Amino acid sequence: MGDVVKFPGALVDDPDFVLMMARYSDGLVSESQVRKRYNFDDATWDQLGSDDKLVSKIEAETQRRTRLGETAREKAQKIFNTRVPEVLSSVIDDPSQSARHRIDACKEVRAISAGPENTPAADSRFTITINLNSDGSNHVEHYNKSIAINADDTGPNDTDTTPQELIPFITSKKTDGGNGEPI
């Protein structure tokens with residue numbers, strides 16, 4: 001035990017520990033990983049379950065992660081990282097598979113191996129500048145938006161902070177049966 005653990009008070013207020021225990025509760029990390037990280041002996045490990053405040057915090061964190069989809073994403077990543085490359089490899093190496101399936105598996109492996117560096121960064125932005133000075137005025141419009149989809153995104157130079165309204169539907173011009181006049 002020793003130098004790492006100040007039980008139980010410090011662990012209840014340690015968000016990293018509560019997160020680690022929520023991940024353990026979800027089956028994402030093993031008991032041995034938790035014990036190794038925090039240097040728990042058998043007595044300390046047995047004592048963790050008897051602290052009601054700690055158990056409540058871990059349960060609340062587990063529920064929060066489940067509601068936000070963090071647990072599902074992490075489990076999917078674990079499956080993807082451990083099993084998908086093997087499956088794709090078996091499809092690529094299997095001569096009885098159709099050529100289309102083997103090529104699709106190759107494309108997927110290439111995309112996986114390229115990694116996240118080929119995707120735009122979350123803070124990447126695009127800028128559009130429109131110069132509207134045909135009538136002698138010097139009116140310029142600037143649009144500076146995030147590449148990531150975000151309806152509430154405002155650029156660093158935006159002065160209009162009112163939220164943009166969505167049009168609930170678009171109406172079409174109705175006619176009165178033949179003469180082309182609107183109703």
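The values are calculated or read from the model by the stated rules, or taken from the named source; none is laboratory data. For clarity, every value in this text was computed on a predicted model and none was experimentally measured. Glycine gets a Cβ as well: all are built from the backbone with ideal geometry, and neighbour counts include every protein chain shown.
Residue-level check: of (1) surrounded by 10 or more Cβ atoms within 10 Å (Cβ to Cβ); (2) out of contact with any Asp or Glu (no Cβ under 9 Å at 6 or more places or on another chain); (3) farther than 30 Å from A105 by Cβ; (4) not charged (D, E, K, R), T66 misses just (2).
Here's the yes/no breakdown for (1) modelled with pLDDT of 80 or more; (2) in a helix (DSSP H, G or I); (3) not polar (S, T, N, Q):
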| position | (1), (2), (3) |
| --- | --- |
| Q97 | yes, no, no |
| R110 | yes, yes, yes |
| D135 | no, no, yes |
| A148 | no, no, yes |
| A151 | no, no, yes |
| T162 | no, no, no |
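With respect to the conditions (1) surrounded by 13 or more Cβ atoms within 10 Å (Cβ to Cβ); (2) more than 18 Å from L11 (Cβ to Cβ); (3) within 30 Å of the chain's Cα centre (by Cα), Q97 lacks only one, and its number is (3). Checked against the criteria, L54 counts as part of a helix (DSSP H, G or I), more than 29 Å from I112 (Cβ to Cβ) and touching a helix residue (DSSP H, G or I) at 6+ places or on another chain (Cβ under 6 Å). Condition first: modelled with pLDDT under 90 and charged (D, E, K, R). Now tell me which residues in the stretch 12-49 satisfy that. If the condition is that a residue be modelled with pLDDT under 90 and charged (D, E, K, R), then D13, D14, D41, D42, D46 are the ones that fit.
Of the listed requirements (1) surrounded by 12 or more Cβ atoms within 10 Å (Cβ to Cβ); (2) not assigned by TED's automatic domain parsing to the domain that holds D26, V87 misses just one: (1). Of R102, R83, R65, all but one fail to be of a type outside the set (S, T, N, Q) and at pLDDT below 90; the exception is R83. Quick check on the stretch 16-37. Is at least one of its residues surrounded by 11 or more Cβ atoms within 10 Å (Cβ to Cβ), in a loop (DSSP other than H, G, I, E, B) and more than 27 Å from the chain's Cα centre (by Cα)? The answer is no, given that none of the residues of the stretch 16-37 is surrounded by 11 or more Cβ atoms within 10 Å (Cβ to Cβ), in a loop (DSSP other than H, G, I, E, B) and more than 27 Å from the chain's Cα centre (by Cα).
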